[in-house]
Amino acid sequence: MRRLARPFLAVLAGSTLALATLVAGVGAQSKEPVKIGLAAAVSGGSAASGEAIKRGIQIAMDEVNAKGGVLGGRKLELVIRDDEGNPAKGVTIARELVEREKATVVFGGLHTTVALAQVPVWTELKTPYMGAWAAGTNITRNGQTPNFSFRVSANDDYVDKFLSRYAVDVMKKGKPGLLLENTAWGQSNEAGLGKWLGEKKVKPVGIEKFNWNDPDMSPQLLRLKGAGADHVILVANAPEGAQVVKSRAKIGWEVPMISHWGISGGRFAELTGELSDGVVFVQTYSFFGKQNERGQALLKALREKYNVKGPEDVVAPVGTANAYDGLHLVALAIEQAGSTEGPKVREALESLKGEYKGLIKTYKQPFSAEQHDALTDADYVMVAWKGGKIVPVDVK
């Protein structure tokens, strides 16, 4: 047998080494983490909401990763950007998360104004958005085809139905005064409350607006009082909500107050002290009472990872709960899609197979081509501020 020339052997060895390196590179690439983005307010007056969403996502992500991740062993990795509650900044970081960080799905934060500004971006970049807090009706009912915006959170239309039912049927009140922030979120709720109160043959005695950072809401409250309001339905985030409660005390008007959930997303209790006691508001979940298996596991993780002592210490609980379930549904969609490509993940979200026993509820095909909200008013609960803590309220 002829001996192979040394140059040929060298070439063969080099080729083999190159091939091995290429195969190793492909293998390493296939195990690269799947990035999940979070675009939310993680600083400023609404920072608690961003922190809550981050905690929910991270704990769910830890659970998925502990079971091997997705797509044959790829771990999920969270990438966070601060939108500062600013729509223009929200659009910029949406692009950054997708185009630079290569996020497969991006979770959103508290502000409807930011989420609405981002809707065209998700369509353009063909990237699914998962809303974990912002409740503006048109975030998911946005007229985009295909629609890349999904949500495990409240939808204003459903919230307004829930609040109207609570005011009229539970509290037995019939003269609402509406106090709304002067934004797209306020407009969304003005339309929804008008619709659902009208279904009950009830008409607001007055509709008042305020702007972000307004220092005093006494004039608006005095007008509602003068109009004969027997309760106030409030749509505000924590900073302005605190001013409303302080102004109510200032004018000495002990009127019942029913609120959307923005007042749970910041320093509301800290800013108001005992003045916040008794203000009731909507949530998608309560960590009080008997918990299902997911609830027990989540509280345990919050205690171990973030030193949360009990349900009363869960920061902005709605953000944590929504984000937790949302991340698990996203992981299931990525696995079903067999891909991190946005259009394929979007299609999988619309056609999720089987059931997922989540924290808030058991999800069975939570989304469809027509319905991109996984939760409705049937899934909401009513809570109240008491001693600086969020406690459940009987709605019967």
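Cβ-Cβ distance below 9 Å, separation of 6 or more or different chains: which pairs start in region 340-365 with a residue that is under 18 Å from residue 327 (Cβ atoms) and end on one that is modelled with pLDDT under 95 and assigned to a strand (DSSP E or B)?
From residues that are under 18 Å from residue 327 (Cβ atoms), there are no pairs.
Would you mind finding the one in 267, 248, 223 that is of a type in the set (Lys, Arg) and closer than 30 Å to residue 359 by Cβ?
Step by step, each of 267, 248, 223 is checked, and only 267 is of a type in the set (Lys, Arg) and closer than 30 Å to residue 359 by Cβ.
Using the structure shown, decide if residue 158 is under 27 Å from residue 51 (Cα atoms), of a type in the set (Phe, Trp, Tyr) and either touching a residue at least 24 places away in the same chain (Cβ under 8 Å) or in a strand (DSSP E or B) (or both).
The answer is yes for residue 158.
Within region 373-395, does at least one residue satisfy the condition of being outside any loop (DSSP other than H, G, I, E, B) and more than 30 Å from residue 241 (Cβ to Cβ)?
no
Take residue 337 and decide whether it is among the hydrophobic types (A, V, I, L, M, F, W, C), surrounded by 18 or more Cβ atoms within 10 Å (Cβ to Cβ), touching a residue at least 12 places away in the same chain (Cβ under 8 Å) and in contact with a helix residue (DSSP H, G or I) (Cβ under 8 Å, 6 or more places away or on another chain).
In short, no.
For region 321-332, indicate whether the set of residues that are of a type outside the set (Asp, Glu), under 24 Å from residue 287 (Cα atoms) and part of a loop (DSSP other than H, G, I, E, B) is non-empty.
No, that holds for no residue.
The values are calculated or read from the model by the stated rules, or taken from the named source; none is laboratory data. On a predicted model such as this, the values are computed, not experimentally measured, just so you know. Note that each Cβ is placed from the backbone with ideal geometry, even for glycine, and that neighbours are counted across all protein chains shown.
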